[in-house]
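**Student:** Before we start, here is the structure in question, set down as structure tokens.
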Amino acid sequence: MTRSASKSRAATQTRPVRRRRTAEETRKILLEAGTQLALTSLEAEDAGDGGPLAHIRVQDVVREASRTQDTSVTTGALYNIWPSQRAFQVDLMFYILKEGAYPSAEPTLALAGELFAQRLPLTEIGARLSDTSFRLETESRLARAAVAFTALADVPAVREALRSAHDALLESGRRLYSQLLTYGGLRVREPYTLDQLITVMAALTDGLLVKAAIVPEQFDVPEEAPSLVAAASEAVFNRFCEPVDE
């Protein structure tokens, strides 16, 4: 055996075997790449009006995915998972809404536990939770992207994705609001339900997020006063709730 052949064989034997990505890993990589392209598109000064994902193309997604990985991702890999560009865009929409809608749920739940342990007044707890949740959603690029879909709610696929995101909101909201009600000795005032309270509070936050982006100066209040978000949230919460012993 020649020296060069021996070196080649030795290199082959010592070279680590690269693990092949699973279909689910590839799917996640491509969806994350599509998300980054969507966020960049939405934040561009010359963003188009063809919808949040109208300009997301398979070739661009594959290129972005390959840029972030140590091995390239092919167009064929994408089409092995999604039969068409449209199918990818729909799945991407669900992904953005699932990941981006109401991103503050877990941190807010954790903060609620800390505030309950300190035995703070319910009004103070509510204000701090409202302000923290609002800040987290304001800072989240994914949350801002998710808001862009609401104008397309009449489109069946968009409506389904938004409904899925809202169902996830209700699941986490029931945990938080049940704890708040128990802590304050309150219940939801009839004929309303807990899910309706959560829905209205979420709608209030969504509207305030939009207005804060358009007219941020309207959210300036004296330092000693509750924030606009906290005051509005307290008013709605109080209207929908009453003491258990009434």
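**Student:** Sort the following peptides by mean Cβ neighbour count (other Cβ atoms within 10 Å, averaged over residues), highest first: 191-203, 22-34.
**Tutor:** Final packing ranking: 22-34, 191-203.
**Student:** So for the pair Ala213, Gln69, with labels modelled 7 Å out along Cα→Cβ, what separation do we get in nm?
**Tutor:** Going by the 7 Å Cα→Cβ label model, 3.1 nm.
**Student:** Follow-up question, since we're still on this one. Which of Thr123, Ala213, Ala148 sits closest to the plus end of the dipole of region 91-246, meaning its Cα is farthest towards the positive end, when Lys and Arg get +1 and Asp and Glu get -1 on the C-beta?
**Tutor:** Ala148
**Student:** Determine the share of region 83-184's accessible area contributed by carbon and sulfur atoms, expressed in whole percent, with a 1.4 angstrom probe.
**Tutor:** About 55 percent, which is the carbon plus sulfur part of the accessible surface.
**Student:** May I pose another question? Mind listing the long-range amide H neighbours of Cys241? Cut-off is under 5 Å, sequence gap 5 or more, other chains count too, H placed in the peptide plane at 1.01 Å from N.
**Tutor:** Arg189
**Student:** Going highest first, how would you order 71-78, 217-224 by mean Cβ packing within 10 Å? If you can, show how the numbers build up before the last one.
**Tutor:** Values: 71-78: 14.2, 217-224: 8.1.
Ranked from most to least packed, the peptides come out as 71-78, 217-224.
**Student:** Compute, for region 158-238, the length of the dipole vector about the Cα centre, with Cβ point charges of +1 (Lys, Arg) and -1 (Asp, Glu) only. Units Debye, rounded to 20.
**Tutor:** Charge dipole, region 158-238, about its Cα centre: 380 debye, nearest 20.
**Student:** How many Å² of accessible area per residue for region 97-179, probe 1.4 Å?
**Tutor:** 54
**Student:** Tell me the per residue accessible area of region 189-246 using a 1.4 Å probe; a whole number in Å² is fine.
**Tutor:** Heavy-atom SASA per residue in region 189-246 reads 63 Å².
**Student:** Once you put a point 7 Å from the Cα of Gln118 and another 7 Å from the Cα of Leu170, both along the Cβ direction, what distance in nm separates them?
**Tutor:** For the pair Gln118/Leu170, the computed spacing is 3.3 nm.
**Student:** How large is ³J(HN,Hα) for each residue in region 55-63, as worked out from phi by the Karplus curve 6.51 cos²θ - 1.76 cosθ + 1.60 (θ = phi - 60°), to whole Hz, x for Gly and Pro?
**Tutor:** Once rounded to whole Hz, the list reads 9, 7, 10, 4, 4, 5, 5, 4, 5.
**Student:** For the pair Gln179/Arg20, report the inter-label distance in nm, with labels modelled 7 Å from Cα in the Cβ direction.
**Tutor:** The modelled label-to-label distance comes out at 4.5 nm.
The values are calculated or read from the model by the stated rules, or taken from the named source; none is laboratory data. This one's a predicted model, so the numbers in the text were calculated from it and none came from an experiment. Don't worry about glycine lacking a Cβ; one is built from the backbone with ideal geometry, like all the others, and counts go over all protein chains shown. Just the protein is used for accessible areas: all its heavy atoms, side chains included, with ligands, DNA and RNA removed. Shrake-Rupley method; radii C 1.70, N 1.55, O 1.52, S 1.80 Å.
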